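Every number here is computed from the coordinates shown, using simple stated rules; none is lab data. Computed from a predicted structure; not experimentally measured. Using ideal geometry, Cβ is built from the backbone for each residue, glycine included, and neighbour counts are taken over all protein chains shown.
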Amino acid sequence: MRMILVGPPGAGKGTQAARLVGSYRIPHISTGDMLRAAVKAGTELGKQADGFMKRGALVPDELVIAMVLERIQQDDAKGGFMLDGFPRTTPQAQALDVAMTKAGITLDSVVLIEVPDELIEERIIHRRSDPETGAIYHLEFNPPTDEAVAARLVQRKDDTAEACRARLSKYHAETAPIVPFYEQKGLLRRVDGQGTPDEVEVRIKAALA
Ligand code: ADP
Ligand code: ADP
């Protein structure tokens, strides 16, 4: 299966991807995770991406497109993949389309996780992650039960109220326009992202079935 998870920041894409990849046995390709790893490793890409990410702006298309097209050609992605956080702009969607056509492969579905704007900030500012496992938590909605995990949780630099508002406005301006692109191809599945993570997971699996 080749699929894409789309949704505003904090919609639950990463949370759901972690649950779904086990069931579908495909790699979870998160451009946010890849870019954060590049920043941490201090690579050329990381140095270029850092400033954009900190202020909640998008990293330039050419950098992200090159990174993803290389990643989906790797062996573990030959049989399928789950893209999380890409494409985020119309040029990214078009570049993916061209590359997949060239490679003779097709997309199966694009799942849009819908969450109203009013709920986003609360999800983002209390998001935390476990640096050892990458697991995503929420201080209120999904706190860790293990005290050792709770003690080592970290917050992303861009999970401030200010950067969150910048990302949400980017989402509406740059990312929402890719929705009709996939709708016209008959690939779009809309899923309500409110309710518990379990409820959302059931909805996504039903939409993919
Ligand atoms: P995204 O990858 O779309 O930015 P995340 O999966 O990181 O979103 O989720 C953002 C925050 O919201 C995290 O703190 C996560 O624990 C929490 N979260 C995810 N799904 C839900 C849900 N269904 N209800 C409440 N909080 C959720
Ligand atoms: P969120 O979980 O809030 O949806 P991500 O972890 O997917 O955020 O992305 C974090 C940041 O990484 C974005 O705000 C942006 O700066 C950069 N980024 C991730 N994916 C892309 C992309 N496809 N195009 C441009 N920038 C991206």
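Here are some notes:
- Counting Lys and Arg as +1 and Asp and Glu as -1 over every other residue whose Cβ lies under 13 Å from the Cβ of CYS164, the net charge comes to +2.
- With the charge dipole of the chain set up from +1 on Lys and Arg Cβ and -1 on Asp and Glu Cβ about the Cα centre, the Cα lying farthest toward the positive end among the listed residues LEU119, VAL6, ALA41 is that of ALA41.
- The chain - charge dipole about Cα centre, Lys and Arg +1 at Cβ, Asp and Glu -1, debye rounded to 20: 380
- Partner aspartates and glutamates whose Cα lies under 13 Å from the Cα of LYS205, excluding those fewer than 8 positions away in the same chain, are identified as ASP192.
- Förster radius 25 Å - calculated FRET efficiency between VAL179 and MET1, Cβ distance, rounded to 0.05: 0.80
- Listed values for segment 116-121 are Karplus-derived 3J(HN,Hα) couplings in whole Hz (6.51 cos²θ - 1.76 cosθ + 1.60, θ = phi - 60°), namely x, 3, 4, 8, 5, 4, and x replaces Gly and Pro.
- Rounded D (µm²/s) - segment 2-208, Kirkwood Rh over Cα pairs, Stokes-Einstein at 4 °C, 1.567 mPa s: 74
- Dipole of segment 63-209 [Lys/Arg +1, Asp/Glu -1 at C-beta], most positive-end residue of LEU208, THR133, VAL64: VAL64
- Loop trypsin sites (Lys or Arg not before Pro), segment 1-64, which have at most 16 other Cβ atoms in a 10 Å radius of their Cβ (DSSP): ARG25, ARG55
- For ASP50, net neighbour charge (Lys/Arg +1, Asp/Glu -1) across residues whose Cβ lies under 12 Å away: +4
- Radius 14 Å from Cβ of LEU96, net charge of other residues (Lys, Arg +1; Asp, Glu -1): -1
- Helix content alone sets the calculated 222 nm mean residue ellipticity of the chain: runs of n ≥ 4 DSSP H residues at -39500 (n - 2.57) each, divided across all residues, give -14500 deg cm²/dmol.
- DSSP bridge orientation in the chain - percent antiparallel, rounded to nearest 5: 25
- Between LYS40 and LEU63, residue separation times 0.36 nm minus the direct Cα-Cα distance comes to 6.6 nm.
- Only Cα pairs under 8 Å and 6+ residues apart enter the sum, and on that basis the relative contact order of segment 2-208 stands at 31 percent.
- In this simple spin-label approximation, ALA209 and ASP117 carry label points 7 Å from Cα along the Cα→Cβ vector, and these lie 3.5 nm apart.
- You can think of it this way: the chain between LYS78 and LEU187 has 37.2 nm of extra reach, that is 0.36 nm per residue less the Cα-Cα gap.
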